[in-house]
Amino acid sequence: MKVASDLPVSIRNMVLILDWIAYVCRVLTGIALVVITVIFGWLVFGRYVLNATPTWVEQVALLLVMTIAFLGAAVGVHDNSHLSVSLLRSAVPPWIRRVLVVSTDVLMAGFGGLMLWFGARLTIFKWGSLIPLIQVPEGLRSLPLTIGGGLILVFSIGHLIRVFVGGDERSGSIE
């Protein structure tokens, strides 16, 4: 995101940190996407060429899909590219548009907070058992939910802070 030079240093630093976190999430989801492609290639090769199906692939792929989905969703909130219907927001006066944008950010922060809270509870609850075939804690399945929820919460709060200090530059949201 662009950082306005007239913002306080603390806000500019917050924006840069959130941008860096989103970048790391993009890199991790990209790596996960490459790994899932490679291991499914190995699955097909093992099944049809070697006649020995690697059974661990499906369990690892599920973990990777969870990582891609929840970190990708958090990045979508950060970049303001998540699914939204902007017809109403575009048709109303700017002050109502601002109320709608703030309401959306508050709802997203609440949703992220719930994902964080209940995801953490699920992760802790399931950590004691192991995922069959790969022998890692079952809690790893819900860890991306927890992390993604926390990031959605943080990114939404970052949007709210920028709205109230006048540094929100999301295109099409507030004019």
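The values are calculated or read from the model by the stated rules, or taken from the named source; none is laboratory data. All figures in this text were calculated on a predicted structure; none of them were measured in a lab. When we count neighbours, we look across all protein chains shown, and the Cβ atoms used for this are built from the backbone with ideal geometry, even at glycine.
Scanning the stretch 115-129 for residues that are loosely packed, with under 13 Cβ neighbours inside 10 Å and in a helix (DSSP H, G or I) turns up Arg121, Ile124, Phe125. The number of residues in the stretch 130-154 that are touching a Phe, Trp or Tyr at 6+ places or on another chain (Cβ under 6 Å), in contact (Cβ under 8 Å) with a residue 60 or more places away in the chain and not in a helix (DSSP H, G or I) comes to 2.
Are there any helices (runs of 4 or more DSSP H) wholly within the stretch 5-97 with 2 or more residues that are touching a Gly at 6+ places or on another chain (Cβ under 6 Å) and within 23 Å of Leu114 (Cβ to Cβ), and if so which? Here the list reads 9-48, 56-78.
Among the candidates Val75, Val102, Val65, the residue that is over 10 Å from the mean Cα position of the chain (by Cα), under 30 Å from Ile134 (Cβ atoms) and surrounded by 12 or more Cβ atoms within 10 Å (Cβ to Cβ) is uniquely Val65.
Listed here are the residues, each with its yes/no results for (1) surrounded by 12 or more Cβ atoms within 10 Å (Cβ to Cβ); (2) farther than 30 Å from Gln59 by Cα; (3) within 22 Å of the chain's Cα centre (by Cα); (4) modelled with pLDDT under 95.
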| site | (1), (2), (3), (4) |
| --- | --- |
| Pro8 | no, yes, no, yes |
| Arg12 | yes, yes, yes, yes |
| Ile21 | yes, no, yes, no |
| Cys25 | yes, no, yes, no |
| Leu28 | yes, no, yes, no |
| Ala32 | yes, no, yes, no |
| Ile36 | yes, no, yes, no |
| Phe40 | yes, no, no, yes |
| Gly46 | yes, no, no, yes |
